[in-house]
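What follows is a short report on a single structure.
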Amino acid sequence: MLLTFLFHRVNVGKYSSNPEIIKNLFAHLKKHYKIVTPENKLNPFRQNICLTFDDGYFDFYHHVFPLLKELNIKAVLSIPVKFILEDTDIDSKIRLNVSYHEAMKNDTFIKKAPFCTWKELKEMSDSNLVYIASHSYSHKNMLQNDVDLEKEIIFSKRILEEKLKKPIDTFVYPLGKFNDSIHKFVKIHYKYVMRIGSAINFSWQNMNKITYRIICDDLKRKNQFLKPYNYISYLWFFFLNTFRKR
């Protein structure tokens, strides 16, 4: 079985978790579970855990990447490429203190650099501890009428591959929004697809070619999402998602 945990930020504020709690969680997971990313085969005799972080905020580079190196574990980082600068000399305190809702508004990503830069992403990707995925080009709701699907799905992949010099084979739906035709299009260009689903997984693709993720923002305790009763909910949502072909 595979549990895929979703985090956004490791900092303070909305959609975030305290760095010390994250450190305790990761140490606990390394000790008791197999931590994997999509290129890894799942261990059928052990609980597999995949750690995913959306949006590529600078606090991932600042807080999470050092922790991955310390523990020698891996994580998936999904990137909306529109917001990534080549490099920046903006002070790290400014970069860390941009709110979740402000970061993608207007030209905040240029003025305050709240996201990882290409230089930082390349360093992390080259370490082989950070598995980069596309999170579209501009982080739009994919169901909006004005969305350019080729730009969001294909162009984002092309930019990531050009910048990082690695194949990108995973797409993470922004906001978890998609429909059947969008999903068919995504599957042509990516081997793995992830979304919010609050469910356990039995493979990287399951029956619907989707890896379901459990939102773990605002973490309070290291084992908060690993209690026996949690698995009842995860199984229920797995069957519901499968039935709905979502």
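Across the range 16-52, the qualifying residues are those that are at pLDDT below 95 and β-branched (Val, Ile, Thr), and the one among them that is surrounded by the fewest Cβ atoms within 10 Å (Cβ to Cβ) is Ile21. Would you check which residues across the range 137-165 are buried (at least 21 other Cβ atoms within 10 Å of the Cβ) and hydroxyl-bearing (Ser, Thr, Tyr) and list them? Answer for the range 137-165, where residues must be buried (at least 21 other Cβ atoms within 10 Å of the Cβ) and hydroxyl-bearing (Ser, Thr, Tyr): Tyr137, Ser156. Quick check on Asp55: is it surrounded by 15 or more Cβ atoms within 10 Å (Cβ to Cβ), on the phi > 0 side of the Ramachandran plot and touching a strand residue (DSSP E or B) at 6+ places or on another chain (Cβ under 8 Å)? Answer is yes for this residue. For the range 226-243, a residue qualifies if it is surrounded by 18 or more Cβ atoms within 10 Å (Cβ to Cβ) and part of a loop (DSSP other than H, G, I, E, B), and exactly one does: Leu226. Exactly one residue out of Tyr212, Tyr173 is touching a residue at least 60 places away in the same chain (Cβ under 8 Å) and under 29 Å from Ile21 (Cα atoms): that is Tyr212.
Is there a residue in the range 86-95 that is within 16 Å of the chain's Cα centre (by Cα), modelled with pLDDT of 95 or more and of a type outside the set (Phe, Trp, Tyr)?
no
Whenever a residue of the range 78-106 is under 19 Å from Lys151 (Cβ atoms) and touching a residue at least 24 places away in the same chain (Cβ under 8 Å), its partners that are acidic (Asp, Glu) and not in a helix (DSSP H, G or I), lying with C-beta atoms within less than 6 angstrom and at least six residues away or across chains, give the pairs Ser78/Asp54. The residue that is surrounded by the fewest Cβ atoms within 10 Å (Cβ to Cβ), among those in the range 188-225 that are assigned to a strand (DSSP E or B) and touching a helix residue (DSSP H, G or I) at 6+ places or on another chain (Cβ under 9 Å), is Ile196.
Kindly evaluate Ile168 against the criterion of being in a strand (DSSP E or B) and surrounded by 19 or more Cβ atoms within 10 Å (Cβ to Cβ). Answer is no for this residue. Among the residues of the range 8-29, the ones that are free of Cβ contacts under 8 Å to residues at least 60 places away in the same chain and under 17 Å from Tyr131 (Cα atoms) come to 1 in all.
Residues that are of a type in the set (Ser, Thr, Tyr), in contact with a strand residue (DSSP E or B) (Cβ under 8 Å, 6 or more places away or on another chain) and surrounded by 18 or more Cβ atoms within 10 Å (Cβ to Cβ) occur in the range 114-132; there is at least one. Can you spot a residue in the range 62-71 that is surrounded by fewer than 21 Cβ atoms within 10 Å (Cβ to Cβ), touching a residue at least 12 places away in the same chain (Cβ under 8 Å) and under 20 Å from Arg195 (Cα atoms)? For the range 62-71, residues surrounded by fewer than 21 Cβ atoms within 10 Å (Cβ to Cβ), touching a residue at least 12 places away in the same chain (Cβ under 8 Å) and under 20 Å from Arg195 (Cα atoms): absent.
Report, by residue number, each residue of the range 17-73 that is among the charged types (D, E, K, R) and either assigned to a helix (DSSP H, G or I) or farther than 22 Å from Asp217 by Cβ (or both). Passing the criteria: Glu20, Lys23, Lys30, Lys31, Lys34, Glu39, Lys41, Arg46, Asp59, Lys69, Glu70.
Only a single criterion out of (1) out of contact with any Lys or Arg (no Cβ under 9 Å at 6 or more places or on another chain); (2) touching a residue at least 40 places away in the same chain (Cβ under 8 Å) is not satisfied by Asp59, namely (1).
The values are calculated or read from the model by the stated rules, or taken from the named source; none is laboratory data. Note that this is a predicted model, so its numbers are computed, not measured. So basically every Cβ, Gly included, is an ideal-geometry build from the backbone, and we count neighbours across all protein chains shown.
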